[in-house]
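Working notes, structure below.
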Amino acid sequence: MTLTKDNKQATKRNRYSVLSSFYNFSINTGLPSLANPCNTTVIKKIFKRPLPIQWQIVDKDTVDEIIFRTTNKRNRFMLELMARGGMRVGEILNLLTPDDIQECSLAIQNPMSGRKTETIYVPRKIPGRISKYIQATGINQNERIFPISYIAAWSMVKKAGQIVGIELKPHDLRRHAATYASRSGTPIEIVSKVILRHADLTATRRCLRKVNDTEAIRWIETLYG
């Protein structure tokens, strides 16, 4: 505690885990009579790992209502790209230009994964409507389609959630895209590699682990109702 008093709690837990492992190694390899001081009830409580965060999972009906009731075209497109394509808000704001619009996909340049490009697949109707929006607003080929700040985008999503009386964050819509696809029978490999574009399945499983009450009731009624 003295050596880590100015560190974050996560760092303290890591140091505790290393020290506890060291004592266990010593006990198992030659000092069986040694007691592990890290195993006391008080110490374990101090360095107890917190419960994992339970993210909000927004159901499809709520997302559909949010998008339908958003009248600003620019904002509506951004919400759709997050909820239908699993896009991160930063990808939408910084990386999307008219040249990136394909017939049924979007090309992301210099994505977070470190790859040169990534392809995001969305319903065919969305790129078509975005192309018409580009023509109507006169956006040039080297201009961003959504030239607003991250804070403005965050605020827009929050206000969109208030329309239906929920607290909504941009990443909630990305998680919705993954959850809805998974609950509809899409293989987890497709959810992970195509929709979320994760490097491995572990991060994807964290996004899909929670089932809310509304969803549970609907599935039970579908199965046995």
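The values are calculated or read from the model by the stated rules, or taken from the named source; none is laboratory data. From a predicted model like this one, the values you see are computed outputs, not experimental measurements. Here the Cβ is made from the backbone with ideal geometry for all residues, glycine too, and neighbour counts use every protein chain on show.
Looking at 28, 94, which one is part of a helix (DSSP H, G or I) and in contact (Cβ under 8 Å) with a residue 24 or more places away in the chain?
Working: 28 fails: in contact (Cβ under 8 Å) with a residue 24 or more places away in the chain.
Within the list 28, 94, the selection yields 94.
Give me the pairs: first residue in region 55-77 and within 14 Å of residue 130 (Cβ to Cβ), second residue assigned to a helix (DSSP H, G or I) and hydroxyl-bearing (Ser, Thr, Tyr), beta-carbon distance under 8 Å, and six or more apart or on different chains, which are they?
What qualifies is 73/133; 74/133; 77/133.
Sort out which residues of region 152-175 are surrounded by fewer than 19 Cβ atoms within 10 Å (Cβ to Cβ) and touching a Cys at 6+ places or on another chain (Cβ under 7 Å), and write them in order of number.
none
Give the residues of region 80-91 that are out of contact with any Leu (no Cβ under 8 Å at 6 or more places or on another chain) and either surrounded by 15 or more Cβ atoms within 10 Å (Cβ to Cβ) or assigned to a loop (DSSP other than H, G, I, E, B) (or both), sorted by residue number.
Within region 80-91, 80, 84, 88, 89, 91 meet the criteria.
Going by what's in this entry, would residue 221 be described as modelled with pLDDT under 90, surrounded by 11 or more Cβ atoms within 10 Å (Cβ to Cβ) and of a type in the set (Asp, Glu)?
In short, no.
Being surrounded by 13 or more Cβ atoms within 10 Å (Cβ to Cβ) and in a helix (DSSP H, G or I) is the filter here; which residues of region 106-128 pass it?
Scanning region 106-128 gives 126, 127, 128.
What is the number of the single condition among (1) within 26 Å of residue 205 (Cβ to Cβ); (2) touching a strand residue (DSSP E or B) at 6+ places or on another chain (Cβ under 6 Å); (3) among the charged types (D, E, K, R) that residue 48 does not meet?
(2)
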